[in-house]
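Enquirer: Sharing a structure here in structure tokens format.
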Amino acid sequence: MVADGMLTRKRYREVPPRVDYELTERSRELAPVLGKLARWGYEWAWSPPRASERIDLGAIFRLVPGLVEAGGALSGTIELSVTDGHDGEGATYRVVVAPGTAEISEGGNGTADAQVRGTTAAWVEAFSPMGDREGLAISGDSQLADSLLSLIALGHNAHVDVAHVESATA
């Protein structure tokens, strides 16, 4: 993907070796396409995960930039935490949304407008067609968190009006 101009690769001369990859502008243009494909798959092929299936919530969260529609008014910073991530370790993702755009990064610093925490099972329930969010702990700007969760979990021809949400710190 580096050779095709989709990623940049930066190698650090350290021990142990470290390499960082970053999306290029060319690959960022694919985000809306990936978002549409994800939405289609969710609407037509969702099923509960099998017991042997590994669930990568980070892959779902990384689709957020492709799910935010141009002209949308959602605005703020949300931290999404999986308390029992891969190998039992938690993982946190920081989503910064502004009207019509979104960026996601791994890790958090606790200064978000809203925080959403839960186990993998709770996240799966929240993203299921039933949308049961009772297992998730939401703190901070709950309207912002609910709007983002609705944007990610929207399926089966349901529609959500993602109204303008003022940042809790504004």
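The values are calculated or read from the model by the stated rules, or taken from the named source; none is laboratory data. None of these values were measured; they are calculated from a predicted model. A quick note on method: Cβ atoms are made from the backbone with ideal geometry, for glycine too, and the neighbour counts reach across all protein chains shown. Just the protein is used for accessible areas: all its heavy atoms, side chains included, with ligands, DNA and RNA removed. Shrake-Rupley method; radii C 1.70, N 1.55, O 1.52, S 1.80 Å.
Enquirer: Looking at the stretch 61-71, can you tell me whether even one residue there is out of contact with any helix residue (DSSP H, G or I) (no Cβ under 8 Å at 6 or more places or on another chain) and either among the basic types (Lys, Arg) or open to solvent by less than 20 Å² (accessible area, probe 1.4 Å) (or both)?
Expert: Yes: one or more hits.
Enquirer: Give me the residue from the stretch 1-59 that is more than 16 Å from the chain's Cα centre (by Cα) and acidic (Asp, Glu) and, out of that set, least open to solvent (accessible area, probe 1.4 Å).
Expert: Per the stated criteria, the residue is GLU43.
Enquirer: Still on this model: Looking for whichever is of a type outside the set (Val, Ile, Thr) and in contact (Cβ under 8 Å) with a residue 60 or more places away in the chain here; the options are GLU43, GLU14. Which one fits?
Expert: Answer to the check: GLU43.
Enquirer: Another question, then. With respect to ALA91, is the statement that it is among the small types (Gly, Ala, Ser), open to solvent by less than 60 Å² (accessible area, probe 1.4 Å) and either closer than 19 Å to GLY35 by Cα or in contact with a helix residue (DSSP H, G or I) (Cβ under 8 Å, 6 or more places away or on another chain) (or both) true?
Expert: Yes.
Enquirer: With the structure loaded, tell me whether VAL97 is of a type in the set (Val, Ile, Thr) and modelled with pLDDT under 90 or whether it fails that test.
Expert: Spelling it out, it is not the case that VAL97 is of a type in the set (Val, Ile, Thr) and modelled with pLDDT under 90.
Enquirer: If I go through the stretch 104-130 residue by residue, how many of them are in a loop (DSSP other than H, G, I, E, B) and under 17 Å from VAL64 (Cβ atoms)?
Expert: Total satisfying the criteria: 4.
Enquirer: State which residue pairs qualify: first residue touching a residue at least 24 places away in the same chain (Cβ under 8 Å) and within 14 Å of VAL97 (Cα to Cα) and inside the stretch 134-146, second residue open to solvent by 60 Å² or more (accessible area, probe 1.4 Å) and assigned to a loop (DSSP other than H, G, I, E, B) in any location, beta carbons under 8 Å apart, and separation of 6 or more residues or different chains.
Expert: ASP141/ALA168; LEU144/ALA168
Enquirer: Let me ask something else. Any residue in the stretch 136-152 that is surrounded by fewer than 17 Cβ atoms within 10 Å (Cβ to Cβ), at pLDDT below 85 and out of contact with any Cys (no Cβ under 7 Å at 6 or more places or on another chain)?
Expert: no
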